[in-house]
Amino acid sequence: MKNKNCARILSCLLSAVFLTVFLSLPVQASDDLTIHFFNVGKGDCILIKQAEYNVMLDTGYEKTIDAVLEELQNSFKVGKFDCLILSHYDKDHVGGAGKLLTDISVGKIYETDYDKKKSKHIDRYRKTLGELSKNPVVVRETTSFGLGELKFTIYPPKPCEEMVSNDSSLILLLEFRGKRFLFLGDALDKRMETYLSEQFTGEVDFMKLPHHGFYLTKSEPFKNLYYACKPKYGVITDAPKYDVNNAPSFMFMLDDAPLYRQRNGAITVTCDGEKIEIRQ
């Protein structure tokens with residue numbers, strides 16, 4: 001009898017300990033913000049999700065979009081997008097757009113005002129737009145809109161002579177419960193200079209670094225923009241095949257901001273308005 005009583009007491013204690021630990025674990029609320037960087041190699045394919053709202057920023061490559069679509073359905077239960085934002089027309093950003101639009105319902109589409117030379121991935125995207133009778137919003141001036149608790153501001157490039165595709169990048173600022181997330185596309189020096197001198201609106205909590213991290217340590221405009229933004233977290237969308245030397249990490253000594261690299265796998269950012277957590 002004594003042994004049975006001891007066993008019951010031990011069982012109750014263990015249950016109490018388990019319950020205490022379980023209740024103390026962080027739980028992501030259904031209305032928290034999730035930003036997921038799909039592992040598409042050296043490319044951008046980013047899901048922004050909050051409550052019932054879903055936004056896609058760029059679509060990665062044509063060869064990676066099938067895996068992205070499968071993950072969207074199975075892991076994130078995404079069946080539609082409120083909008084698609086295409087930062088610019090390079091294949092590692094818009095390559096999967098045609099297939100995405102074919103397979104998932106998309107509301108508005110925002111694209112940059114830049115007439116790049118034809119390519120098969122742009123042709124497929126344009127053909128799909130025609131088949132679906134969709135007319136994108138061409139962003140020629142600063143454009144803001146809200147979805148639930150999310151506020152989006154899209155900053156267009158300033159047209160200039162001999163503009164290259166990367167410098168046509170739309171820059172996106174996302175705000176959620178006081179936290180600010182900046183996505184710089186593939187902006188090069190001219191684009192970053194324009195943003196800092198004409199469009200900059202203050203410090204941010206998170207930065208998606210431009211151009212997959214290439215040349216950042218040699219870029220004075222990037223250094224100026226980085227120290228003006230003072231991000232607490234950063235992501236580089238690089239890949240082992242297109243290695244970026246570790247030098248960019250020295251930039252993130254400001255406030256000991258951690259830097260995450262897509263070459264190490266998919267990255268998920270969550271925010272409840274108080275704190276930002278990143279898993280990889």
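The numbers here are math on the coordinates, done by the rules we state, and not lab data. Since the model is a prediction, treat every value here as computed from it, not as a measurement. Note that each Cβ is placed from the backbone with ideal geometry, even for glycine, and that neighbours are counted across all protein chains shown.
What are the aspartates and glutamates whose alpha-carbon lies under 12 Å from the alpha-carbon of Lys120, with same-chain residues fewer than 8 places away excluded?
Glu62, Asp90
Any of Lys116/Lys190; Lys77/Lys108; Lys91/Lys223; Lys42/Lys116; Lys127/Lys158 with alpha carbons more than 23 Å apart? Name them for me.
Flagged as over cut-off: Lys91/Lys223; Lys127/Lys158.
Modelling each spin label as a point 7 Å along the Cα-to-Cβ direction, I'd like the Glu198/Lys134 distance in nm, to one decimal.
2.9
At a Cα cut-off below 19 Å, give the lysines reachable from Lys275, other chains included and same-chain residues fewer than 8 away excluded.
Lys49, Lys151, Lys179, Lys208, Lys230, Lys232
If amide hydrogens are placed 1.01 Å from N in the peptide plane, which non-local residues have theirs closer than 5 Å to the one on Glu62?
Excluding prolines and chain starts, which carry no amide H, the hits are Gly95, Gly96.
Figure the gain on full extension for Glu274 and Asp256 (residue separation times 0.36 nm, minus the Cα-Cα span) and round it to one decimal in nm.
Residue separation times 0.36 nm, minus the Cα-Cα distance, leaves 4.6 nm.
Which of rounded, prolate, oblate describes the range 187-234, given a ≥ b ≥ c as roots of the alpha-carbon gyration tensor eigenvalues and a/c under 1.5 marking rounded, otherwise prolate only if a/b is larger than b/c?
Cα axes put the range 187-234 in the oblate bin.
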